[in-house]
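Nothing in this text is a laboratory measurement; each read-out follows from the coordinates by a stated rule. No experiment lies behind these values; they were computed from the predicted model shown. Note that each Cβ is placed from the backbone with ideal geometry, even for glycine, and that neighbours are counted across all protein chains shown.
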Amino acid sequence: MSSIVIRGFFTSQRWVRGKNLSQLEQLIGYRAGRLAFHGAEVYALTRVPDNWEFDVKGYTNSSGGMKTDPNWEKAEKMASAYYAKTGVRSSETVLRDNARATMTVTGSDRLIKIKPLLDDPNDTYPPGAGIPQWRVSDLAAQRGTVHGSLLFVIRPGALYPI
């Protein structure tokens with residue numbers, strides 16, 4: 001069985017079971033045809049990531065490439081410094097704890113990475129239909145700490161298994 005280091009976004013298969021590749025493109029936020037014409041590999045995460053290994057990224061209808069307000073970023077850095085000094089749990093820590101409590105690597109709701117068979121680094125990522133997503137943190141991606149094992153390949157015309 002093939003395994004990879006997981007980078008980028010991942011979700012729960014709860015949201016994609018029984019969907020065809022065109023539906024997956026719309027749910028996740030891939031341009032039309034990227035999956036439907038070429039297919040996709042689906043990897044199951046081998047363990048639930050630790051809090052430092054992932055970022056809460058909301059839903060696929062909000063692109064990971066959206067710009068944030070610089071004033072908000074400055075305020076967030078100041079708040080993070082405060083929380084680090086006081087030991088009080090930050091809102092980000094609470095979000096990660098809550099997300100992690102719902103994550104599993106077994107059963108019908110396991111964590112997955114859907115990887116297009118078409119590797120196109122210049123591709124665009126339109127907003128998806130709004131399913132939950134998380135992103136492997138930059139540090140975890142650098143260290144290669146989050147892994148996935150190949151579950152199956154979805155060929156054009158096929159459905160994600162139920």
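Observations, loosely collected:
- Options Asn61, Ile114, Tyr160, ranked by Cα towards positive dipole end of the chain, top entry (Cβ charges): Tyr160
- Near Arg14, once Lys and Arg are set to +1 and Asp and Glu to -1 for all other residues with Cβ below 13 Å from its Cβ, the sum equals +2.
- Student exercise, the chain dipole from Lys, Arg, Asp, Glu Cβ charges, in Debye to nearest 20: 240 debye
- Counted charge near Ser2, where neighbours are those whose Cβ lies closer than 14 Å (Asp, Glu -1; Lys, Arg +1): +1
- Entries in Lys57/Lys115; Lys19/Lys115; Lys85/Lys113 that, when Cα-Cα distance is taken, lie over 27 Å: Lys85/Lys113
- Considering helices alone, the calculated mean residue ellipticity of the chain at 222 nm is -8000 deg cm²/dmol, with DSSP H runs of length four and up weighted by -39500 (n - 2.57) and normalised per residue.
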